[in-house]
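Trainee: Here you go, one structure.
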Amino acid sequence: MSFTSETKNELTKTIAERKCCQLAEIAGFLRFAGSITLSGGKLGIKVTTDNAAVARLFISLMKEYFGAKASLALGEATPLAKGRIYELFITPDMNSEPILRETGILGVREGSNFITDGLPSDIIRKRCCKKAALRGIFLGCGAITDPAKGYHLELTCGSEYMAGDVKKLVNSFGLKAKVSQRKGKYVVYIKEGEQISDFLNIIGASGQYFKFQEVRVVKEMVNKTNRISNCESANMDKSINAAQKHLAAIKTIEEAKGLDSLPPRLRETAQMRRDYPELSLADLAELFNPPLKKSGLNHRLAKIVELAEKCN
């Protein structure tokens, strides 16, 4: 089961206690998973989802809040669908039009009905209702990549105006969602791991939040270990290259003039470097009596390299 399905399944296990939050969740879900049907001049509602648990939740919410009984049918799967498609219908005799009005989807202008665009501000005034609306929106159009594979959360919107409203709603919780256009749709997305986990916490998916966080921590530990390992490898390569350069310079001087031609301190340094080629400068400096500072030893070796270059 995908991370998205697991998250949606968790969200369907509870129904909000407050009526205002139930309405906000229904409004958010209907806006993104629902469509308006027309039969005999009357409006109906059709909801489509590929998640059985989400379909059951919507049926329960409609009954709990509106007292409406939505009918359920199996829809025809599309080529891209991996499983069954569930279709729920609310007909005019089930008060579909009043439901559309109360959820802010249907408005009236100059005596005529029109479909609104955007989220109804009067339904999401309270913070608890904002969370409920986000939960409904995610159930209707949300997707999250498995955190083990990458960090990506998206909410697919049908219009730029709607995407703007959804982005504003998400960011009202201190997040930094962005919008991109893809194949005629507008996608509100988050790509930062910490913010995705915050989003899960906001919509009430606490189990998935902890699961996401656990994967994040493990990945960050692995990445940190790799960075340290790479840094240590780079430092080791640097030390080996420096040692080889020093040994080559010492050999040049020895063959051209002999190490006895060097001043006492440089001669001692050359002999120590030749005797302990595997040591880092810091460790080699400790072997001198008295011990040298790393910078002092590095200065002596640089002088040896300089003298070797003059021998060529």
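The values are calculated or read from the model by the stated rules, or taken from the named source; none is laboratory data. Since the structure is predicted, the reported quantities are computational estimates derived from the model, not experimental observations. Positions of Cβ are generated from backbone atoms using ideal geometry, with glycine treated the same way; all protein chains shown enter the neighbour counts. Just so you know, the surface numbers come from the protein's heavy atoms only, side chains and all, with ligands and any DNA or RNA stripped out. Shrake-Rupley method; radii C 1.70, N 1.55, O 1.52, S 1.80 Å.
Trainee: Skipping prolines and chain starts, which residues have an amide H placed within reach, meaning under 5 Å, of the one on H152, given they are 5 or more residues away or on another chain?
Mentor: T145
Trainee: Let me ask you something else. Separation between the I85 and K245 pseudo-spin-labels, each 7 Å from Cα along Cα→Cβ, expressed in nm?
Mentor: 6.7
Trainee: Sort 161-174, 178-191 for me by packing, meaning the mean count of neighbouring Cβ atoms within 10 Å per residue, highest on top.
Mentor: Packing proxy ranking, top to bottom: 161-174, 178-191.
Trainee: Would you mind working out the accessible area per residue for the chain, using a 1.4 Å probe, and quoting it in Å²?
Mentor: Per residue, the chain has an accessible area of 57 Å².
Trainee: Carbon and sulfur together cover what percent of the accessible area of the chain at a 1.4 Å probe radius?
Mentor: That fraction is 50 percent.
Trainee: Moving on. Extending each Cα 7 Å along its Cβ direction at K310 and E220, get the distance between those two points in nm, one decimal.
Mentor: My value for the distance between the label points is 5.5 nm.
Trainee: Which of these values of P(r) over Cα pairs in 10 Å bins from 0, in percent was calculated from the structure shown: [x] 5, 18, 22, 21, 16, 11, 5, 2, 0, 0; [y] 5, 20, 24, 17, 12, 8, 4, 4, 3, 2, 1, 0, 0; [z] 5, 21, 22, 11, 6, 7, 9, 9, 7, 3, 1?
Mentor: [z]
Trainee: A further question follows. Leaving ligands and nucleic acids out of the surface, order D117, D275 by accessible area at 1.4 Å, largest first.
Mentor: Listed by decreasing accessible area, they come as D275, D117.
Trainee: Here's something else I'd like to know. Determine the alpha carbon to alpha carbon distance for each of K69/K176; K8/K46; K211/K238 and list only those over 31 Å.
Mentor: Where the Cα-Cα span goes over 31 Å, the pairs concerned are K69/K176; K211/K238.
Trainee: Once the piece of chain linking Y161 and D283 is laid out straight, how much longer is it, given 0.36 nm per residue of separation minus the C-alpha distance between them?
Mentor: This chain segment gains 37.4 nm when fully extended.
Trainee: Indicate the helices, whole DSSP H runs only, in the chain that combine a mean Kyte-Doolittle hydropathy of -1.0 or more with a Cα extent along their long axis of 27 angstrom or more.
Mentor: Within the chain the helices that satisfy the rule are 206-256.
Trainee: Mind checking which aspartates and glutamates have their Cα closer than 14 Å to the Cα of K42? Skip sequence neighbours fewer than 8 apart in that chain.
Mentor: Output for K42: D93, E97.
Trainee: Within the chain, which is the longest segment containing none of the GluC sites (Glu not before Pro) that sit in a DSSP loop and have at most 10 other Cβ atoms within 10 Å?
Mentor: My reading of the result: 111-277 is the longest stretch.
Trainee: Determine the dipole magnitude for the chain: charges of +1 sit on the beta-carbon of Lys and Arg, -1 on that of Asp and Glu, nothing else is charged, the reference point is the Cα centre, and the result goes in debye to the nearest 20.
Mentor: 420
Trainee: Excluding same-chain residues fewer than 8 positions from K310, which aspartates and glutamates have a Cα within less than 18 Å of its Cα?
Mentor: E254, E255, D260
Trainee: Between T48 and K19, what length in nm is gained on full extension when 0.36 nm per residue of separation is reduced by their alpha carbon distance?
Mentor: 8.1 nm
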